[in-house]
1. Which whole-number percentage describes the relative contact order of the chain, with Cα contacts under 8 Å and a sequence gap of 6 or more?
2. Skip the ligands, DNA and RNA, and give the accessible area per residue of region 5-114 with a 1.4 Å probe, whole Å².
3. With everything on Cα atoms, drop me the angle between helix 2-21 and the longest principal axis of the chain, reported from 0 to 90° to the nearest 10.
4. Top to bottom by accessible area (1.4 Å), largest first, where do K77, K52, K24 land?
5. Measure off, as a whole percent, the carbon and sulfur share of the 1.4 Å-probe accessible area of the chain, all protein chains present.
6. Counting only residues 5 or more places away or on other chains, whose amide H sits under 5 Å from the amide H of V67 once H atoms are built in the peptide plane?
7. Can you check what the net charge comes to around D49, using other residues whose Cβ is under 13 Å from the Cβ of D49 (Lys, Arg +1; Asp, Glu -1)?
8. Between S61 and R104, what length comes free when the chain is fully extended (0.36 nm per residue of separation minus the Cα-Cα distance, one decimal in nm)?
Amino acid sequence: MHEVSVAQGLLDIVIENCKKGGYKGVESIKIKVGRASGVVPDSLLFAFDAMKHGTVAENASLTIDEVPVSGFCESCKSYFTVEEAYILSCPLCGDRIFRVETGRELNIYEMDVF
Ligand SMILES: [Zn+2]
């Protein structure tokens, strides 16, 4: 399961930050997960909860903000957002000349420590 290694990576960052900052523990962690990141939020929550025991994040709650996939089309010069995990063509004009702007996020953006 891919989410186990992602959860481990998150924990490593959290533990490292606590060590550096001299914090005793973590209350909550908020992360952004893009729909195109390949991570299933429920699986990640499950993996994180299973792995946090015995670490500084033992009592931490993990909040996952899902980021939809969006992009900018060079052909019709428009920004767009899609519900799917992947963009195959611009939903507005159907062209394939676009760049993906969001949806690949996988990062911590807030951490409450004590
Ligand atoms: Zn377009």
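The values are calculated or read from the model by the stated rules, or taken from the named source; none is laboratory data. Everything numeric in this text was worked out from a predicted model, so none of it was measured. Backbone-built Cβ (ideal geometry, glycine too); neighbour counts: all protein chains shown. Only protein heavy atoms, including side chains, enter the accessible area calculation; ligands, DNA and RNA are left aside. Shrake-Rupley method; radii C 1.70, N 1.55, O 1.52, S 1.80 Å.
1. Working: 216 pairs, mean separation 39.9, N = 114.
Relative contact order of the chain: 35 percent.
2. On the way: 6380 Å² over 110 residues.
In whole numbers, region 5-114 has 58 Å² accessible per residue.
3. The angle comes out at about 60 degrees.
4. Details: K77 135, K52 25, K24 160 Å².
Result, largest first: K24, K77, K52.
5. On the way: 3420 of 6680 Å².
The value for the chain is 51 percent carbon and sulfur by accessible area.
6. Here the answer is V33, G34, R35, since their amide H atoms fall under 5 Å of that of V67.
7. On the way: positive: K52; negative: E3, D42, E58.
Net local charge, D49 excluded: -2.
8. Working: separation 43, 0.36 × 43 = 15.48 nm, distance 2.25 nm.
Full extension of this stretch gives 13.2 nm more.
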